[in-house]
Amino acid sequence: MGKWDLELGSVRHDEPNLARLNLVLAPNRTELFEWRRQLAIDALGGISVVCTAPRNSLVPHGVDNDILLGLVNAAILQGLPEDDTVRLTGRELLKLSGITPSARAYVNLHESLRRLQHTAYDVTDSWFDGLKQRWRSMSFSLIVKHWAEDNFKDVTNLGQWRAQTVLAIKLDDGLVKNIRAGHILPLDFELLSKLSQPLTRNLFRTLSFQRESGRDVPVLAYSVPLTVWAAHLGMHGLRLDTVLRSLKPAHEELVEVGFLKEVTFQGRGQARTVHYAFGTQGVMSADPETAALLARYGVSGGRSLILSQTHGQQAIQRAVSVLEALLQTSYRSKIRNRAGILMDIIESPERYDSILTREESSRAAAARAVLATSEPQTPERTAAAARVILVGQFDDTPVRRGLRDRAVNLYVSGHIRSLDLIGLLSATTDEAAANVAQWERAVLQV
C-alpha cells in the first residue's frame, strides 16, 4: 500500500450519481431485500433504479452510505488506481468514512462491504457518464470484490478484522471512470463530521447535489413533493406523519449547523411539498482549471482535485512557476518526476524558494566568470521561459500585457530573478506596476 495522507483538511468529494440517485437507503434500519424507484426529483430527468440484494440479505442502508463515501475518497487519495482497487487498513477506511473505530465498527464494516458488493443495481437512463457527457443505463454492484491482504498476525478468531487489517476493495469501473473524468462533487467534511446520524448525512449529501451540481452558482432553495422525497430517501411504506417525524431531527440538525436556513411545508396530505432554503455553510466550489493545470504536469486526476481544493488556485499557480523556473537552471538534471516535484513544491514552498535562490546565484556567478575570461556567453534567459513562469496571468488586458513585457525584458537582461517574476502572480495590477517601475528605476541607477 502506497503512502498517502488521511488528513485532507475540510474537503471530501462525492460522486454526483451517488448523491443524486441515493443508491443507499437513508434509514438506519430496513427489512428490504429489494426496492424499485421511478420518480423525478429535479429538472435533470427521471430516476429509474432497481436494487436487488441476494437471498437472506438486506439492501445497503444507513451507515453503508458513509462507508461508500470513504471508499470514493480513498480512491481519490490513492490517485485512482488503474485496477480500480483501493488498499487501506480497516482503521483508515473507518476514519475516511467519519466513523470512530471500535470492535463493533469493524464488524459493521465487514457487513457493509458485503452488502455493497453483493447487491445489484439496474439504472435505466439515469446514470450520467462524466466522460461522454450523456445519460446511460448501467447494471452493476458498487463493489466488485474485496478481500483482506494481511490478516494473519495475532488473529484470535478466524476472519476477524483488526485495525491493521489491510483491505483490498475493487470498485465498479464505471464509478471510478466518472471520478477520473473529474465528475465529482466537493463536500465540506468538517460540517459533515458534525452530523450525528446516517439519515442526516444522507440528506446533506443529496441536498448538496441539488444545491451545487451543474450550476455556476449555488441555488438558494429546493422544493420537492414529500411523497416523492420519502420514496427517494428509502422510507418505503411509511405514513407521511411518520416520515415527518423521522425527518424532523435531521432538518433541525442541518439548520443548526447552518447548511439549511429553514425548512417549510406547503399543502396538505398527499399534495404536501417540502421546501428547503439553503444557508451559507457547506458551499464548496470546485476549481477544474487549477486541477487541469496540475494534470498537465502529470499529477493524477484524483490527486489534482484534492490539491486544487486543499491549497487553492494561487498556491498551485505559484508552485508551477517555481517548477518552471527550476527547469531553467542546472537543477533540472535532478528533476526526473515533474509531478512528484510539483507536489513537493506545493507542500514545502519555502524549501524550493531557497533552492531556486541558490541556483540563480550560482548561475549569476558562472555568467560573471565567463565574462571575465572573455569566453562565449552562456545561454541567456529567454522571454518564452519568463512567460511560462508567469503562467499566463498577465495576458488578459493590454495594460497587464504591457507590464508582462516590461518584466520579461528585465528578467531576460538579468536584472530581476525568477522569484521576482513569481511574486507578480499574487500582485494586483497596481502593485505589479509599482514593482516593475521600481525595478526599472534600479536599472537606471546602476
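The values are calculated or read from the model by the stated rules, or taken from the named source; none is laboratory data. It should be emphasised that the depicted structure is a prediction, and the values quoted were computed from it without experimental measurement. Heads up, the Cβs are rebuilt from the backbone with ideal geometry, glycines too, and the neighbour counts pull from every protein chain shown. Surface areas here come from the heavy atoms of the whole protein model, side chains and all, with no ligands, DNA or RNA. Shrake-Rupley method; radii C 1.70, N 1.55, O 1.52, S 1.80 Å.
Put simply, the C-alpha atoms of segment 1-124 give a gyration tensor, and the ellipsoid matching it has half-axes of 26, 19, 13 Å, longest first.
Highest mean first, the peptides 168-175, 334-341 sorted by other C-beta atoms within 10 Å per residue fall in the order 168-175, 334-341. Scoring 255-262, 402-409, 20-27 by mean Cβ neighbours within 10 Å over their residues and listing the highest first yields 20-27, 402-409, 255-262.
Computed from the C-beta positions of residue 439 and residue 347 and an R0 of 35 Å, the FRET efficiency is 0.70 to the nearest 0.05. Spread over its residues, the convex hull of the C-alpha atoms of segment 181-255 is 118 Å³ per residue.
Helix 240-256 and the longest principal axis of the C-alpha atoms of the chain enclose an angle of approximately 30°.
Pairs of Cα atoms under 8 Å, at least six residues apart: use those to get the relative contact order of the chain, whole percent.
Value for the chain: 14 percent.
What the chain shows is 49 Å² of accessible area per residue, with the surface traced by a 1.4 Å probe over protein heavy atoms. Inter-part distance, segment 410-446 to segment 55-96, computed on C-alpha centroids, equals 50 Å.
For segment 166-225, take N as its residue count and report Rg(C-alpha) divided by 2.2 N^0.38 Å. Segment 166-225 yields a ratio of 1.39. As an equivalent ellipsoid, the chain spans semi-axes of 51, 27, 17 angstrom, where each value is the square root of five times an eigenvalue of the C-alpha gyration tensor, largest first. Per atom type, the chain shows carbon and sulfur on 49% of its accessible surface, probed at 1.4 Å.
For the listed residue pairs 95/261; 95/170; 145/177; 95/132, the alpha carbons are over 24 angstrom apart in 95/261; 95/132. Based on DSSP H segments of at least four residues, each scored -39500 (n - 2.57), the chain has a per-residue ellipticity at 222 nm of -14000 deg cm²/dmol. Relative to one another, the C-alpha centroids of segment 298-361 and segment 192-264 are positioned 41 Å apart. Only Cα pairs under 8 Å and 6+ residues apart enter the sum, and on that basis the relative contact order of segment 14-128 stands at 32 percent. Whole-percent P(r), segment 51-175, all Cα pairs, 5 Å bins from 0: 2, 11, 19, 23, 20, 14, 7, 3, 1, 1, 0. Of the GluC sites (Glu not before Pro) in segment 72-123, the ones in a loop by DSSP (not H, G, I, E or B) with at most 13 other beta carbons within 10 Å are 82. Rounded if a/c is under 1.5, else prolate if a/b beats b/c, else oblate: with a ≥ b ≥ c from the C-alpha gyration tensor eigenvalues square-rooted, which is segment 22-92? Note, shape of segment 22-92 comes out oblate. GNM on the chain, alpha-carbon springs under 10 angstrom: the most fluctuating residue among 46, 267, 182 is 267.
GNM remark for the chain: springs join alpha carbons under 10 Å apart, and the peak mean-square fluctuation among 98, 45, 130 falls on 45.
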